[in-house]
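Inspection log for the structure reproduced underneath, given as structure tokens.
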Ligand SMILES: Cc1ncc(COP(=O)(O)O)c(C=O)c1O
């Protein structure tokens, strides 16, 4: 079978300067990786297959793979194959040495242990757009015209201080508009002063970790769960304790050392889609109160529920101060906006707003004022209504084509919500390899197993359907159906 990597390498070997075949193969692979022609995370063909394809000995391929691995270009995963590393070694700068004769180029700058650990588990995909990239909305539908009209209007009478650093915690008009929206749409109990505007959920979590936890404090995260929670909490020195999720959300271990923080996605668990039941919510809040743990509720995409009543936020059930609510505009508007927020318990509000200014200094004044008007005039609610309808059709189209091509048992969990669903796979199918194979065909999926910290992992593909029109769904899904069928036939 011909592979993309094989084609690319064969061409480069032909064009290369004379040298041993092993050296030419090594150079061809190394350059293709450095130039991004073979992208990070790509699974390389098995050595036996590449050897057959290039008509060279298997040892020649193995030697090239081993050398690239020892130099940090490749990594192997037991049972899954050889992959291009997500973080590549620096390019060899020796060719540029004449330009810096007086200042010899330094050796690669070392990172902190914390930094190395962060990179070794980096979860963010290189791609953030396209079929079936999970977690991204269809940004093509953003109402630029309405937004620009509001921004122009505000710009004409812009108070000069808006161009400076923001006041503690963001701008009052946005906090007021948000408080009203959250009370009505998400049953969140809050006053405008409790809202702190941040630049993304990761920044919200970073601030909470720094201000509420000491090095080595425990934090419960969902298993499986969002890699971003783990990355941000871990880099702050917290001890991550993965707690399994079932159909009712986070399970409560009968005996456990109470953590300082519990970080969850109760309204639409990421990635399984489970909704935390009312009983579980009450039990968790009782538990947190008893042990003095704080619950962080990441309500990242609850606006998108299809044909079912919205699920009120956990925060609204909590009569005391044990829940911190996180929200974002990344899914409802677009991720590049980088505007998100926290609803803080009253006793924390002032101190965390000061800390936010100390650590990050706020900005985006014009954007915040524009967003406030956009919400106040009803455009935000209207945009969500429109997108909800669109995503609902896209979800139905994807469910249809999965049932038609593979069977209903492949729908991992049909929670009728969010922007993604799970294509469940038998454990025998290597989801990492499958996702890498699809990536080579220009189809972006995430393997379910990488969302687990522990050894027990379910296999599947996370498919984001938000960016694929209902009309194009069946055709766009075909490469996925083909690859899944061929892997099923192989077992
Ligand atoms: C569970 C969850 N929370 C938060 C985010 C990101 O939010 P933000 O863009 O505000 O950083 C994501 C992104 O995919 C997510 O999946």
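General remarks:
- Among the residues listed as 288, 274, the single one being away from the ligand (no atom under 11 Å from the Cβ), buried (at least 17 other Cβ atoms within 10 Å of the Cβ) and either closer than 18 Å to residue 227 by Cα or not assigned by TED's automatic domain parsing to the domain that holds residue 218 (or both): 274
- For residue 152, the test of being within 16 Å of the ligand (Cβ to nearest atom), assigned to a helix (DSSP H, G or I) and in the same structural domain as residue 260 (by TED's automatic domain parsing) is failed.
- Within region 40-62, tally of residues that are loosely packed, with under 15 Cβ neighbours inside 10 Å and within 15 Å of residue 7 (Cα to Cα): 1
- Qualifying residues in region 312-328 (those that are surrounded by fewer than 20 Cβ atoms within 10 Å (Cβ to Cβ) and without any contact (Cβ under 8 Å) to a residue 60 or more places away in the chain) - the one nearest to the ligand (Cβ to nearest atom): 317
- Identification of strands (runs of 3 or more DSSP E) wholly contained in region 194-302 with 3 or more residues that are farther than 28 Å from residue 448 by Cβ yields 195-198.
- Test for residue 334: is it surrounded by fewer than 19 Cβ atoms within 10 Å (Cβ to Cβ) and under 22 Å from residue 305 (Cα atoms): yes
- Some residue of region 119-139 being touching a residue at least 40 places away in the same chain (Cβ under 8 Å), closer than 30 Å to residue 394 by Cβ, part of a helix (DSSP H, G or I) and out of contact with any helix residue (DSSP H, G or I) (no Cβ under 7 Å at 6 or more places or on another chain): yes
- Verdict on residue 198 being touching a strand residue (DSSP E or B) at 6+ places or on another chain (Cβ under 7 Å) and within 12 Å of the ligand (Cβ to nearest atom): yes
- When 12, 2 are screened for being in contact with a helix residue (DSSP H, G or I) (Cβ under 8 Å, 6 or more places away or on another chain) and not in a loop (DSSP other than H, G, I, E, B), only 12 passes.
- For the residues 170, 115, the requirement of being under 28 Å from the mean Cα position of the chain (by Cα), under 22 Å from residue 359 (Cβ atoms) and exposed (fewer than 12 other Cβ atoms within 10 Å of the Cβ) singles out 115.
- Of all residues in region 372-399, those being in contact (Cβ under 8 Å) with a residue 12 or more places away in the chain, over 30 Å from residue 171 (Cβ atoms) and surrounded by fewer than 20 Cβ atoms within 10 Å (Cβ to Cβ) number 5.
- Under the condition of being more than 17 Å from the chain's Cα centre (by Cα), over 14 Å from residue 208 (Cα atoms) and outside any strand (DSSP E or B), the residues counted in region 305-329 number 16.
The values are calculated or read from the model by the stated rules, or taken from the named source; none is laboratory data. Everything numeric here is computed off the predicted structure, so don't read it as measured data. All Cβ positions, even for glycine, are placed from backbone atoms using ideal geometry, and neighbour counts span all protein chains on display.
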